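The values are calculated or read from the model by the stated rules, or taken from the named source; none is laboratory data. It should be emphasised that the depicted structure is a prediction, and the values quoted were computed from it without experimental measurement. Because the Cβ atoms are built from the backbone with ideal geometry, glycine has one as well, and the counts that use them run over all protein chains shown.
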Amino acid sequence: MKFKIEPNSIEFEGMKSKLEAKFPDYKFKVRQKNFLVAAKTGTIGTNILLRKNRLIVVGNFPSMGATFIFMLCVVLLGFLIPIIIYLVAFQSKMKKLEKEISGYLAEEYNLEK
């Protein structure tokens, strides 16, 4: 989900601490500057990217290892089988987590799509 924000209106550390307080059962890890990863499990997570005038929340694998294993499966098994497995097993859970976190951020910072 993408949100347009006023330039520099959201402070990264403040957003991180609010998310950690609201979702204590999720693990939050800073991957790069202004790039936060929320992990619900080892395979279900969300990337939160804060730009100058945009906030982006996208469901994704929470670790580079899980992403690497998925890509390795795509290379070894072909494209179709891993994509079907991804759509059946992971995508709905990632989308649910993405909506949960983006809904909280939209409510907390009064954001619109």
Out of (1) at pLDDT 95 or above; (2) of a type in the set (G, A, S); (3) not in a helix (DSSP H, G or I), the odd one out for A21 is which? (3)
Can you name the residue in the stretch 58-67 that is in a strand (DSSP E or B) and not polar (S, T, N, Q) and is also surrounded by the fewest Cβ atoms within 10 Å (Cβ to Cβ) among such residues? V58
Is there a residue in the stretch 10-25 that is without any contact (Cβ under 8 Å) to a residue 12 or more places away in the chain and surrounded by 12 or more Cβ atoms within 10 Å (Cβ to Cβ)? yes
With (1) more than 15 Å from the chain's Cα centre (by Cα); (2) within 13 Å of I56 (Cα to Cα) as the list, and N8 as the residue in question, which single condition is left unmet? (2)
Can you tell me which of L36, L55, L49 is of a type outside the set (S, T, Y), assigned to a strand (DSSP E or B), touching a Phe, Trp or Tyr at 6+ places or on another chain (Cβ under 8 Å) and surrounded by fewer than 17 Cβ atoms within 10 Å (Cβ to Cβ)? L49
Test each condition in (1) crowded, with 18+ Cβ neighbours inside 10 Å; (2) not in a loop (DSSP other than H, G, I, E, B) for V74 and report the one that comes out false. (1)
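Taking the condition within 13 Å of the chain's Cα centre (by Cα) and at positive phi, does N110 pass?
Values: within 13 Å of the chain's Cα centre (by Cα): no; at positive phi: yes.
Against the criterion (within 13 Å of the chain's Cα centre (by Cα) and at positive phi), N110 does not qualify.
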Might you let me know whether the stretch 2-17 holds any residue that is aliphatic (A, V, I, L, M), outside any helix (DSSP H, G or I), within 23 Å of L87 (Cβ to Cβ) and touching a helix residue (DSSP H, G or I) at 6+ places or on another chain (Cβ under 9 Å)? no
